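What follows is one structure encoded as structure tokens, with my remarks underneath.
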Amino acid sequence: MTPPVTIDALPRPAAAAVPLTTMPVGAVATLHEVTDVASRPVLRSLGLTDDCVLRLCQAGDPCIVQVRATRIGLSSAVARCLYVVPEAGSR
Amino acid sequence: MVPAVETPDRAPASTAAPVRRIALIGNPNTGKTTLFNALCGVRAKTSNFPGTTTSMRTGHAEAPGHGALDVLDLPGVYDLEIDAPESRIAATLLEGARGPVPDAVVVIVDACNLARNLVLVGQLLARRVRLVLALNMVDLAERRGLAVNAVHLEARLGVPVVSMVARTGRGMAALREALDRVHLTTPGPGPDGPGTAAGVNQWADAIAAAVSSETASTRAHDRFTERLDGVLTHPVFGLAAFIAIMGTLFWILFALATVPMDLIEATFAEVGTLVERLLPEGPVRDLVAQGIVGGIAGTVVFLPQICLLFFLITLLEDTGYLARAAFVMDRWLSRFGLPGHAFVPLLTAHACALPGIMSTRLIPDLRDRLTTILVAPFMSCSARLPVYVLLTTLLFADRPGLAGLAFAGCYLLGALAALFTAKLFGSTILKGRAKPMILELPSYKTPSLRNALLTARDQGLSFLSTAGTVIVAICIVMWWLSAYPKVDAPPEAARLRAAAEAPALPNAQAAALLAEAAALEVKTAQAGSFAGRIGHTLAPAFEPLGFDWQLTVGVLTSFLAREVFVSTMSVLAAGQAATDVDEGVVAKIRGMTRDDGRPVFTPATAASALVFFVLAMQCLPTLTVTRKETGGLKYAALQLGYMSGLAYVASFLLYQGLRAAGVA
């Protein structure tokens, strides 16, 4: 069983990166880092790879993001571990 | 380069003959099952991958003018390289570790989601398998203004590409032609690209951009989907929609399944009667009429619920709703270590634990699935209803309000026991928490009736061929234990029969005497049977729960199925088996006495028995299905031991507590 990963124990994301959960609905951003190591393979297989462009479709639980044509539902626990760099002027 | 994968050591099963063995692979929600059904129709069966709990479907496809195909439907995978059961199964199968290497692989690609689906295509090309790409749902893509140039895609990938709509059959002929010639090709060298996962993604993006009229943009809005998702995953509206949709589903299940179930029971009762008329009296007649026919009836009777449930769930899954519902329930169930997906099995278990446990196949994570299987039988199934009715009526005679509350309390107690157990197992034998939900939310679609019908048929046949055969055998053994050894009728019964034959006796009195004699004979036979003797032997163990030997026999015989408790008690009370709890049966059971003359059912005993039946694993068919679904005896034994132990302790505490409080 993979031990739970706490955010504090992981490397700090780049300064420009913000948690996905702080973005406004409709905003477009580039995925910078996933701090939940256990979720990385599944996210990657769904298309949430490093530097992919995503759009926040729905905030809360579930948080819904769109990557290309794929809509992905994330529980809030996972969404909190996604750090993104918002596109300039994006909403 | 994409991570290099050596060409399999084993050559494909056939190189010159027409394709014989093909594997279907694709991302979830790409229409893979629809394509399988379109190819194989009813010539398919469902089983588990050897040594796993992941189900697979195999089928045979034939079409005029084309070679015959053995088709293997692999589990839906996004990525062959990640550490997930489905990915491991698919990867090892392609490498030939689970039987012969397929002659060709059909990868099903969602035309609306080309770039993401091409990641899997890239991984397959890197493995140098003979590949045909089925570009599915092109109609949906066209409606969205997204055109994919199949000719360009074929040129870029170097493998046959067939545009199709599996749901309507469009493109099926072209797919069969492609399969006829693919075995003549040499597997390609694989796509060029960086050797990282991100590199495959970039490669897929580049190919998709080159062959699509309009690249699926992250910025594109689908307002209909977004609005519907907003409602269906909303904490309040989503829950209301969930209750309405699932309520309708279970209403249909209860309302419609009853008709064929009653018909099956009536038909087998007729068959049993016919056998009794045709065969000479003796053990062979009893075995055939009561043991075999009764055993088959006890198995087949589950079939309508299982088929109807899978039919309805498949329809619902096809619409895309189930993924949304999983998120709605995840908020509640995750607190107890259960995944959001568990809602279907747990709700289904209220009808019957068997289809409930079978529907845990929807749960992707093994730990989550095992936890759900272990707790599902705590849900109060329909077989418990007559037991609840009998015991609550005995407990609160002439107080229907309290009886109703106790009845509702049984459902609540079962659900609480399930949640408590999930939490307990999550911190002990199945350590860990339910995986946080990460799910693709598929597009909303019109469901395929054909798909749902074929899935229901497959699941029904799968149940009959695996669990069903064991259940029939168990039914026969339990019948034998209850019917043998034969014991002589008591002298009192002979005396009553002789008295009934007195010429001066009115017919009504004679009939009453004969009925009393029959009751006495049945009761003596029951007490003298192996089950009765075991009941006598085990009675001391159940005495702390307030049970005497008769209640112990009721517990033992109902191990086959809970509802048998009512008929056993009615036999012991009146000599006639009854499955419906009417006033006469309740009055007779209430009048039952122990060997020392005290009543069998005091309020404390009835309450203790009620709690026992809520919590105990009194269902052998469920254990059989648990063993099958978990791939071994370990979890079935754990389920039996834990549930029986919990039931015993809870009943003991309640009975002794009531006694201490002065309740007899």
With charges only on Cβ, +1 for K and R and -1 for D and E, what is the dipole size of chain B about its Cα centre, in debye, rounded to 20? 820
Please list, ordered by chain and number, the residues whose modelled amide H lies under 5 Å from the amide H of residue B:131; skip anything fewer than 5 residues away on the same chain. B:105
Residue-averaged beta-carbon neighbours from other chains (10 angstrom radius) around B:437-445: 6
In terms of the charge dipole of chain B, which places +1 on Lys and Arg and -1 on Asp and Glu at the beta carbon, the residue among B:82, B:630, B:558 farthest towards the positive end is B:82
For the pairs B:435/B:634; B:32/B:445; B:423/B:445; B:435/B:628; B:423/B:628; B:423/B:634, flag any whose C-alpha to C-alpha distance is greater than 26 Å. B:423/B:445
Cβ neighbours within 10 Å, averaged per peptide: list B:130-139, B:284-293 in order, most packed at the top. B:130-139, B:284-293
Quick one: what are the phi-derived ³J(HN,Hα) couplings along the stretch B:650-664, Karplus 6.51/-1.76/1.60 with θ = phi - 60°, whole Hz, x for glycine and proline? 5, 5, 4, 4, 5, 4, 5, x, 5, 4, 5, 7, x, 8, 5
Percentage relative contact order, chain B, counting C-alpha pairs under 8 Å, at least six apart: 11
For residue B:26, the residues 5 or more places away or on another chain with a placed amide H closer than 5 Å to its own amide H are B:77, B:108
Residue A:51/residue B:223 FRET efficiency (R0 22 Å; Cβ-Cβ; nearest 0.05): 0.20
Given Cβ charges of +1 for Lys and Arg and -1 for Asp and Glu, the option among B:208, B:539, B:300 whose Cα lies farthest towards the positive end of the dipole of the protein assembly as shown is B:208
Rounded to the nearest 100 Å², what's the accessible area chains A and B bury against each other, both chains counted, probe 1.4 Å? 2800
Accessible area of residue A:32 in the full protein assembly, 1.4 Å probe (Å², nearest 10): 70
Can you bin chain B into rounded, prolate or oblate? Criterion: square roots of the alpha carbon gyration tensor eigenvalues sorted a ≥ b ≥ c, rounded for a/c under 1.5, prolate for a/b above b/c, oblate for the rest. prolate
Once both label points are put 7 Å beyond Cα along the C-beta direction, the residue B:431-residue B:144 separation in nm becomes 4.3
Shielding score for A:57-65, defined as the mean number of other chain Cβ atoms within 10 Å: 6
Working with all protein chains in place, sort B:274, B:279 by solvent-accessible area computed with a 1.4 Å probe, largest first. B:274, B:279
Which value, in Å to one decimal place, does the Kirkwood hydrodynamic radius take for the protein assembly as shown when every pair of different Cα atoms is included? 29.0
So how exposed is residue B:33, as accessible area in Å² (1.4 Å probe, rounded to 10)? 50
Shielding by partners - mean other protein chain Cβ count within 10 Å, residues of B:78-84: 4
Most positive-pole-ward Cα, B:462, B:240, B:381, against dipole of chain B from beta carbon charges: B:240
Using a probe of 1.4 angstrom, how much of the accessible area of chain B is carbon and sulfur, in percent? 64
Estimated distance in nm for a label pair at residue B:423 and residue B:152, the labels positioned 7 Å out from Cα along Cα-to-Cβ: 5.8
Whole-Hz couplings from phi, Karplus 6.51/-1.76/1.60, listed for the stretch B:594-609; x for Gly and Pro: 7, 4, 8, x, 6, x, 5, 9, 8, x, 5, 5, 4, 5, 5, 5
What is the magnitude of the charge dipole of the protein assembly as shown about its Cα centre, with +1 placed on the Cβ of each Lys and Arg, -1 on the Cβ of each Asp and Glu, and no other charges, expressed in debye to the nearest 20? 760
Distant-in-sequence amide H partners of residue A:57 (H built 1.01 Å from N, under 5 Å): A:26, A:64, A:65, A:66
Per residue, how many Å² of accessible area does chain B show with a 1.4 Å probe? 42
One finds, for residue B:206 and residue B:58 with R0 = 30 angstrom and r their Cβ-Cβ distance, a FRET efficiency to the nearest 0.05 of 0.25
For the stretch B:383-396, what does the Karplus curve 6.51 cos²θ - 1.76 cosθ + 1.60, with θ = phi - 60°, yield as ³J(HN,Hα) per residue in whole Hz, taken in order and with x for Gly and Pro? 5, 7, 3, x, 5, 4, 4, 4, 6, 5, 5, 5, 6, 10
Going out from 0 in 10 Å bins, what whole percent of all Cα-Cα distances in the stretch B:395-546 drops into each bin? 8, 12, 17, 28, 17, 10, 5, 2, 0
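The values are calculated or read from the model by the stated rules, or taken from the named source; none is laboratory data. Just so you know, these numbers come straight off a predicted model, no measurement behind them. For neighbour counting, all protein chains shown are included, and Cβ atoms are generated from backbone atoms with ideal geometry for every residue, glycine included. What goes into the accessible areas is simple: the full protein's heavy atoms, side chains included, and nothing from ligands, DNA or RNA. Shrake-Rupley method; radii C 1.70, N 1.55, O 1.52, S 1.80 Å.
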